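The values are calculated or read from the model by the stated rules, or taken from the named source; none is laboratory data. These numbers come from a predicted model, not from an experiment. Cβ sites come from the backbone with ideal geometry, for glycine too, and all protein chains shown count toward neighbours. The accessibility values were calculated without ligands, DNA or RNA, using every heavy atom of the protein model including side chains. Shrake-Rupley method; radii C 1.70, N 1.55, O 1.52, S 1.80 Å.
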Amino acid sequence: MNTLGIYIHVPFCVKKCSYCDFYSVSYEKEISEKYVDAVIRNLQYYSDKKRITDTVYFGGGTPSLLSPEQVKLILDEIKNSFNLSSDAEITLETNPNTVDFNKLSELRKTGINRLSIGVQSMIDRELSFLGRIHTSERAEAVVSEAYKAGFDNISCDVMIALPEQSAESLRYTLDRVTSMPIKHISAYILKTEQGTPFDCDKIKKRLPDDDTVAEIYLEMVRILESKGFEQYEVSNFAKKGFESRHNCRYWKCSDYIGIGPSAHSCNNGKRFAVGRNLCDFIESDVQKIEITDENSCGFEEYSMLRLRLKEGLDLDSVPKHRDMITKKIPALIKSGYINYDGKSVSLTPKGFLMSNSVIEYLIF
Amino acid sequence: MANQKIRNFCIIAHIDHGKSTLADRILEKTETVAIRDMEDQLLDNMDIERERGITIKARAVRLKYTAQDGEDYIFNLIDTPGHVDFNYEVSRSLVACEGAILVVDASQGIEAQTLANTYLAIEHDLEVVPVVNKIDLPSADPERVCSEVENVIGIPAMDAPKISAKMGTNIEEVLERIVKDIPAPQGDTEKPLKALIFDSYYDSYKGVIIYVRIKEGRVKVGDNIRLMATGAVFNVVEAGFMDASNLVNNGSLEAGEVGYIAASIKSIGDTQVGDTVTNNDNPCDEALPGYRKVNPMVFSGIYPADGAKYGDLREALEKLQLNDASLSFEPETSVALGFGFRCGFLGLLHMEIIQERLEREYNLDLITTAPSVIYKVTLTSGEVQYIDNPTNFPDPALIQTAEEPMVKADILAPSEFVGNIMELCQDRRGIFKDMQYLDDTRVNLHYELPLNEIVYDFFDVLKSRTRGYASFDYEMLGYVPSKLVKLDILLNGDIVDALSFIIHTDKAYGRARKIAEKLKENIPRQLFEVPIQAAIGGKVIARETVKAMRKDVLAKCYGGDITRKKKLLEKQKEGKKRMRQLGTVEVPQEAFMSVLKLDS
């Protein structure tokens, strides 16, 4: 029997970061209460007790802006409407400036057992460039508070390929991040998204070129692996056994239901998305969705997602395309883009860096 | 006896010296066109002609002029193509005339093409009437130009009409000269029909329309005519002349006249320019002299950028050929470019015009290979091969001698550029013959040049090295033995057939390096490293590498939103169609084009 994951999009932020294009609006307590009501209505609507729900993920925005009471209301409803397993992974994305030890303790009590903390960098100059509201000192403190509050599964977000970033400054950030009591790191290459303040020549000129980014990325993989954080996806690293179970759903074509404005779902063979509009979400009985894919997880999509994972694509799972893929393997091995053990094709760090082209070459 | 009131003439002029403007003024003065109907430069009726200010196809117009002596005269103005590529067509047009008006720009003087065409006219015993145009320009120096005409061409010119076609100044004087100086046609109307074809075009209602000059006899509707070179026989449906915009069918034509014949002719291939038309039932003894079949000189592969447009390309070429018998094409395939055609052209301009018409009038996106000339190769077996496609160049071990076509070139330019021109010609393996001062400031340089050295970009480079002042003309000289090799370009170890070309040994290395560099610039970095090699036989003489791309990744796939990733996949699929996939190498169209435009 398939299991299920639930994603809750919490669209509030204190301040929008300059690079971010996820949907969020300014936080107001009154609106957040209406929002929580709407989430609960939707949880009831999507109620599914047949399948086991084993991951819950509060993403944003800034989910840590919700009060522990609000988080508890939502989690209680999930327990009501879904068959939530006792060892479910329940993650809350957290901004270091929105929590303290007390709030973290309260959150822990609601059932949240994993935190994803937006550290981004341990260099204040880089943090202010990114438009973050916290300092490196605060980031370090919040991790230790979280640990003390009972979180033993903490993840940190880090950003690489920042302006003037050097091997030394990258190493400095990674050294400090990995010396904290954390189990997981998501490390993203900064990308200037359309429509964000970073989408301008002035910023783009300051960013390292692709060859430099490649060096930085490979150096990061080396450093993290040497610290015991194994790469398991293009941008994700974890101590053994601490891979994000929820995020792995995305890459394994497992089902998840997304609730909240801009949330995406993949459920029962269909992909659908909710509009990027908080008012609509609050005012609708049930969130309005748009089907983005009537037949999800076909060969191309499945392979493309699978190949983001270090474990790669098991060719037994795509028997019709096995011959086509096998023919292309030698050239990719020769260039150091993939590994092949006779069963699965998996990308190397060099291959991850070129994953768009490698995947295109493999599956078309 | 032919009508003594007829004057058959053409206008010789360099591009932009005012041929079409003068023609328009003559039409206007003879009231062939009501002034309100005048469209600027009426005789040129193709878009490209107008834009480039050149005349591609000859046309003939009949005009009526009442001279100062009170008599009415019939003028047949035969418009000739001005460019060397159409040299043969020019010569046939000239044979249809008794005289030529030589238009020379009052500030620029004689240019290479003018010279070549004037000599051609003199060779055909035409009466040349010099006219100095653009006297309204501040820089005009008519006296200097007149003495240049006398010195260089050797015809009296001091009393040449000095006109401004643009302003309409002194046009009357030109018309009077036509009456007085140009002889009336000769010919016996009672003899068997003998007529010269000097042009033809395809009309979708009437079939091929042939333009003729009747030399002897007469032709009328209902006659059976025979085209002597091709032997084809047709029944005349219409015979008449052209006014400024229409065919006027007046039922017959006779010796001395210029006009058209329509005879339900389906294929323009039957109506070769230069052929003689006679009466099938009462033929003349022998054809007019000088007929030859026009052979293409320059060849190039033309491919649709989108392989699916192959059928459209063939249709377009067929349509163009209806009006242009000198265009030849045969299907060819290229590993690199897929299905296309090897096309033969009279010369470079002809090639450019065809390519441009295909793109503009038929909306086709084309990839063309480097132009090639015809090489003559004698094999060790004694067999002689003519090679117009580099891909077919035989293995060097089998070649006894290889020969390439040479041309005799005239380059006219201000003397300050002589050094630059000599350097260029030297670089293009030119053999200097002599140099002649036209006046104190202008020279005519005579060179012998291999045709394959001028088919790429010679004219462009000549223009840029002389700040646009040089003019250039050439005629074929014949074949000479040469040290020729085939240069192949390899991408990732595989020969790209569309990029192969034949070149002189001494120039192979330099060209190879340049091409490799150009390709490196124009092939984007991609998944795999792309070695670029240039090789003769198996020997690599130049090498470059397009390094593999390092980063091409969507780092985030967050919150389960994979729409962006899917969009990217779709885009990649789409982009793949526009690239030429050669093995594992993706080559954009620009890369092929860039190789054709090597700057010197």
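Taken over the stretch B:3-20, the criterion of being within 18 Å of the chain's Cα centre (by Cα) and assigned to a loop (DSSP other than H, G, I, E, B) is satisfied by B:H14, B:I15, B:D16. As for the stretch B:513-526, it holds no residue that is outside any helix (DSSP H, G or I), at pLDDT 95 or above and either open to solvent by less than 20 Å² (accessible area, probe 1.4 Å) or away from every other protein chain (no Cβ under 14 Å) (or both). The single residue among B:T545, B:T584 that is at pLDDT 95 or above and either open to solvent by less than 10 Å² (accessible area, probe 1.4 Å) or within 14 Å of chain A (Cβ to nearest Cβ) (or both) turns out to be B:T545. Please verify whether A:R222 is at pLDDT 95 or above and open to solvent by 50 Å² or more (accessible area, probe 1.4 Å), treating the condition exactly as stated. Against the criterion (at pLDDT 95 or above and open to solvent by 50 Å² or more (accessible area, probe 1.4 Å)), A:R222 qualifies. When every residue of the stretch B:380-396 is checked against the conditions, none turns out to be over 18 Å from B:D488 (Cα atoms), in contact with a Leu (Cβ under 7 Å, 6 or more places away or on another chain) and touching a residue at least 40 places away in the same chain (Cβ under 8 Å). Listed by first and then second residue, the pairs with beta-carbon distance under 6 Å, at least 6 apart or on different chains, first residue in the stretch A:77-91 and within 17 Å of A:H184 (Cβ to Cβ), second small (G, A, S), are A:I90/A:G111; A:T91/A:S116.
Criterion applied to A:I359, A:I363, A:I338, A:I329 was being more than 12 Å from chain B (Cβ to nearest Cβ), surrounded by 12 or more Cβ atoms within 10 Å (Cβ to Cβ) and under 23 Å from B:G583 (Cβ atoms), and the one residue passing it is A:I329.
Among the residues of the stretch A:23-43, those identified as closer than 14 Å to A:I8 by Cβ and at pLDDT 95 or above are A:S32, A:Y35, A:V36, A:D37, A:A38, A:V39, A:I40, A:R41, A:N42, A:L43. Take the conditions (1) of a type in the set (D, E); (2) crowded, with 21+ Cβ neighbours inside 10 Å; (3) at pLDDT below 85; B:E475 misses just one of them, which is (2). Taken over the stretch B:534-552, the criterion of being over 30 Å from A:M304 (Cβ atoms) and touching a Phe, Trp or Tyr at 6+ places or on another chain (Cβ under 8 Å) is satisfied by B:I541, B:A542.
For the stretch A:289-305, the criterion of a residue being more than 14 Å from every other protein chain (Cβ to nearest Cβ), touching a helix residue (DSSP H, G or I) at 6+ places or on another chain (Cβ under 8 Å) and either surrounded by fewer than 20 Cβ atoms within 10 Å (Cβ to Cβ) or acidic (D, E) (or both) is satisfied by no position.
Within the stretch A:3-31, if we keep just the residues that are more than 14 Å from chain B (Cβ to nearest Cβ) and in contact with a strand residue (DSSP E or B) (Cβ under 6 Å, 6 or more places away or on another chain), the residue that is nearest to A:E77 (Cα to Cα) turns out to be A:T3. Could you please give the count of residues in the stretch B:163-218 that are within 27 Å of the chain's Cα centre (by Cα), open to solvent by less than 50 Å² (accessible area, probe 1.4 Å) and either charged (D, E, K, R) or at positive phi (or both)? Within the stretch B:163-218, residues that are within 27 Å of the chain's Cα centre (by Cα), open to solvent by less than 50 Å² (accessible area, probe 1.4 Å) and either charged (D, E, K, R) or at positive phi (or both) number 4.
Annotation note: Cβ proximity below 9 Å between a residue of the stretch B:343-362 that is surrounded by fewer than 24 Cβ atoms within 10 Å (Cβ to Cβ) and assigned to a helix (DSSP H, G or I) and a residue that is at pLDDT 85 or above and small (G, A, S) (sequence gap 6+ or interchain) occurs for B:Q355/B:S300; B:R357/B:A316; B:L358/B:A316; B:E361/B:A316. Could you look through the stretch B:298-311, keep only residues that are in contact with a strand residue (DSSP E or B) (Cβ under 7 Å, 6 or more places away or on another chain) and farther than 11 Å from B:Q355 by Cβ, and pick out the one that is surrounded by the fewest Cβ atoms within 10 Å (Cβ to Cβ)? Taking the candidates together, the pick is B:G307.
When the stretch B:250-299 is filtered for residues that are under 25 Å from the mean Cα position of the chain (by Cα) and of a type in the set (S, T, N, Q), the ones remaining, listed by number, are B:S267, B:T271, B:Q272, B:T276, B:N295.
In the stretch A:124-138, of all residues being farther than 19 Å from A:K183 by Cα and small (G, A, S), the one that is surrounded by the fewest Cβ atoms within 10 Å (Cβ to Cβ) corresponds to A:S128.
For the stretch B:91-116, the tally of residues that are within 21 Å of B:A165 (Cβ to Cβ) and part of a helix (DSSP H, G or I) stands at 4.
Please tell me if A:K202 is of a type in the set (K, R), open to solvent by 10 Å² or more (accessible area, probe 1.4 Å) and within 12 Å of another protein chain (Cβ to nearest Cβ). It is false that A:K202 is of a type in the set (K, R), open to solvent by 10 Å² or more (accessible area, probe 1.4 Å) and within 12 Å of another protein chain (Cβ to nearest Cβ).
Would you pick out the residues in the stretch A:208-231 that are in contact with a Leu (Cβ under 7 Å, 6 or more places away or on another chain) and over 15 Å from A:D157 (Cα atoms)? Scanning the stretch A:208-231 gives A:A214, A:I216, A:E219, A:I223. A single member of A:D316, A:D285 is more than 9 Å from every other protein chain (Cβ to nearest Cβ) and not in a loop (DSSP other than H, G, I, E, B), and it is A:D316. When the stretch B:478-488 is filtered for residues that are part of a loop (DSSP other than H, G, I, E, B) and open to solvent by less than 60 Å² (accessible area, probe 1.4 Å), only B:S482 remains.
Counting only strands (runs of 3 or more DSSP E) that fall entirely inside the stretch B:393-469 and contain at least 2 residues that are surrounded by fewer than 17 Cβ atoms within 10 Å (Cβ to Cβ), the qualifying elements are B:399-414, B:431-437. Can you pull out every residue in the stretch A:229-245 that is under 20 Å from A:C297 (Cβ atoms) and either at the interface with chain B (Cβ under 9 Å from one of its Cβ atoms) or in contact with a Pro (Cβ under 8 Å, 6 or more places away or on another chain) (or both)? Answer for the stretch A:229-245, where residues must be under 20 Å from A:C297 (Cβ atoms) and either at the interface with chain B (Cβ under 9 Å from one of its Cβ atoms) or in contact with a Pro (Cβ under 8 Å, 6 or more places away or on another chain) (or both): A:E233, A:V234.
Evaluate the stretch A:173-191: report whether one residue or more is open to solvent by less than 60 Å² (accessible area, probe 1.4 Å), more than 25 Å from A:I112 (Cβ to Cβ), within 14 Å of another protein chain (Cβ to nearest Cβ) and in contact (Cβ under 8 Å) with a residue 24 or more places away in the chain. Yes, the stretch A:173-191 contains at least one residue that is open to solvent by less than 60 Å² (accessible area, probe 1.4 Å), more than 25 Å from A:I112 (Cβ to Cβ), within 14 Å of another protein chain (Cβ to nearest Cβ) and in contact (Cβ under 8 Å) with a residue 24 or more places away in the chain. Residues in the stretch A:248-264 that are in a strand (DSSP E or B) and within 7 Å of chain B (Cβ to nearest Cβ): A:Y256, A:G258, A:H264. Does at least one position in the stretch B:489-496 carry a residue that is in contact with a strand residue (DSSP E or B) (Cβ under 6 Å, 6 or more places away or on another chain), farther than 30 Å from A:P349 by Cα and open to solvent by less than 10 Å² (accessible area, probe 1.4 Å)? Within the stretch B:489-496 (the criterion being in contact with a strand residue (DSSP E or B) (Cβ under 6 Å, 6 or more places away or on another chain), farther than 30 Å from A:P349 by Cα and open to solvent by less than 10 Å² (accessible area, probe 1.4 Å)), the answer is yes, since at least one residue qualifies.
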